[in-house]
Amino acid sequence: MTDKLEERKTGLREYVRECLKLDNPELVSLNGDASFRRYFKIPSTQFIAVDSPPDTQKNKEFVSIDKALYASGVRVPSIHFMDLEKGYFIIEDLGNVTFADVSVKNTKQWYKKAIDVLSDILPVKRDDEVQFDEQFIRFELSLFETWMLNKGLNVTLDALEKSVLEEAYDELVKVCLSQQQCSMHRDYHSRNLMVRDNELYVIDFQDMVRGPITYDLASLLYDCYVDLAPGLIDSLSAYAYNLFTDKGIIKNVPYEVFVQNMRLTSLQRHIKVLGIFVRLSVRDGKDGYLKDLPRVINYVLKECDISPKFSKLKALIQKYVVGKY
C-alpha cells in the first residue's frame with residue numbers, strides 16, 4: 001500500500017510540475033478526511049494538489065457538483081486543472097481557517113451563516129443526482145451491526161435482537177422518505193466548511209445526493225465533533241425553518257413536524273456513524289475518530305427517547321455499546 005501511495009504521489013508531483021510550470025514542486029501533506037482522497041499544499045502557490053484515485057473516488061461527481069453548487073451561488077473551491085483518468089486535481093487553496101475554528105466565538109452568527117449557505121444548497125438540481133432511497137438508507141444503517149457490533153465489539157445478535165434493529169430501521173426509512181427531497185451534502189458539518197474573507201466555502205461534497213430536507217441541518221446542529229447548547233439548537237432550528245419557509249423551500253410542514261423529522265433523521269445518521277467510525281479504525285487504521293464515539297452514542301440515546309418506537313433500540317445500545325468506547 002505504501003509503495004502504491006508513493007507512486008501516486010510521484011505521479012501527482014509530475015502533474016503539478018507540468019500544469020504549473022514548476023521546476024521541482026514540493027507537496028506538503030494536509031490532514032485528510034475519512035476517505036482515501038489525499039490533499040497536498042503546494043508552497044508559494046495558491047493551489048492544492050489532490051490525489052483522488054479513480055477506482056475508489058467519485059471524481060466525475062466532484063466536478064459535476066462543484067459546477068452545480070457554484071451556479072447556485074454556493075462558494076466552492078475552483079478546479080484549475082484535472083485529469084479524471086488518473087485522478088489528479090489542482091484546486092483553489094482556501095487557506096487553513098475552518099468553520100470549527102471561527103465558530104468558537106460568535107457561535108450563533110456563524111451557524112446562521114452556515115444555515116444561509118444550506119438554503120442555497122437544498123434547491124440545487126442535477127441530472128446525475130443519486131437518490132437517498134430505501135436501499136441506500138438501509139445499507140447505511142447496516143454498518144452499525146456489521147462494523148460496531150460484529151467487528152468492533154465481537155457481538156452477534158440473536159434473531160429477536162435483529163428484529164429490534166429491523167423495526168427501528170423501518171421507522172427511520174419512513175421518516176427519511178416521507179420528507180421533502182432536496183439536494184443533500186451528506187456531511188454538512190464544522191469540518192467541511194472553510195472560511196476565507198469572512199465567507200463560508202463548502203468542501204467534501206462529492207457524496208451529495210437527493211434526500212430528506214432536514215438531513216444536512218441535523219448534521220450541522222448535531223455535529224459528531226461539536227456539542228451545541230440545547231437552547232442554541234432550538235434557536236437555530238427555528239431560524240432554519242423560517243428561512244426555508246420564506247424561500248419557498250419548505251411547503252406545508254408544521255414546525256413541530258420539521259423538528260421531529262430532523263431529530264429522527266439525525267438518529268439515522270448517527271447510527272450510520274457508529275459503524276463508520278469503527279470501520280475507519282478496524283479496516284483503515286484511522287483511530288482518531290474513536291474519541292468522538294461517546295458524543296455520537298449520547299446523541300443516539302437521546303434521539304431514541306423521541307418516540308417509544310425506539311425504546312427497544314435504546315435498550316440494545318445500552319446493553320452492548322454504552323461504556324465500550
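Values computed for the structure shown
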read-out: Total charge dipole magnitude, the chain, about the Cα centre, Cβ charges on Lys, Arg, Asp, Glu only, Debye to nearest 20; value: 540 debye
read-out: Extension gain from Asn252 to Asp234, taking 0.36 nm per residue of separation minus the Cα-Cα distance; value: 4.5 nm
read-out: Separation in nanometres of the label points that stand 7 Å from Cα toward Cβ, at Lys125 and His80; value: 3.5 nm
read-out: Formal net charge of residues neighbouring Gly95 (Cβ-Cβ distance under 15 Å; K, R +1; D, E -1); value: -1
read-out: J(HN,Hα) series, the range 264-280, from Karplus relation 6.51 cos²θ - 1.76 cosθ + 1.60, nearest Hz, glycine and proline x; value: 6, 5, 4, 4, 4, 5, 6, 4, 4, 4, 4, x, 5, 5, 6, 4, 4
read-out: Amide H partners (placed H, <5 Å) of Thr98, local residues excluded; value: Val195
read-out: Approximate spin-label separation Val63-Lys108, in nm, with each point projected 7 Å along Cα-to-Cβ; value: 4.5 nm
read-out: Approximate spin-label separation Phe36-Asp116, in nm, with each point projected 7 Å along Cα-to-Cβ; value: 4.0 nm
read-out: Among 211-222, 239-250, the order from most to least packed when residues are scored by Cβ within 10 Å on average; value: 211-222, 239-250
read-out: Stretch gain in nm, segment Tyr225-Asn298, where the contour uses 0.36 nm per residue and the Cα spacing is subtracted; value: 25.0 nm
read-out: Label-zone membership for the range 73-96, site Asp55, 7 angstrom Cα→C-beta point, backbone N under 20 Å; value: 83-89
read-out: Segment Asn154-Glu166, length gained on full extension (0.36 nm per residue, minus Cα span); value: 2.3 nm
read-out: Hits among lysines - C-alpha to C-alpha of Lys251 under 23 Å, sequence gap 8 or more where chains match; value: Lys112, Lys113, Lys125, Lys174
read-out: Value at 222 nm in deg cm²/dmol, rounded to 500, when DSSP H runs of n ≥ 4 in the chain each add -39,500 (n - 2.57); value: -15500 deg cm²/dmol
read-out: Descending Cα extents along the principal axes, the chain, whole Å; value: 65, 49, 39
read-out: The range 2-92, relative contact order in percent, only Cα pairs under 8 angstrom and at least six apart counted; value: 23 percent
read-out: The chain, relative contact order [Cα under 8 Å, separation at least 6], %; value: 16 percent
read-out: Pairwise FRET efficiency - Ser44 versus Ser142, Cβ, R0 = 51 Å, nearest 0.05; value: 0.65
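A short reminder: the numbers here are calculations on the coordinates, not readings from a lab. Being a predicted model, the structure only gives us computed values, none of them experimental. Virtual Cβ from ideal backbone geometry, glycine too; neighbours counted across all protein chains shown.
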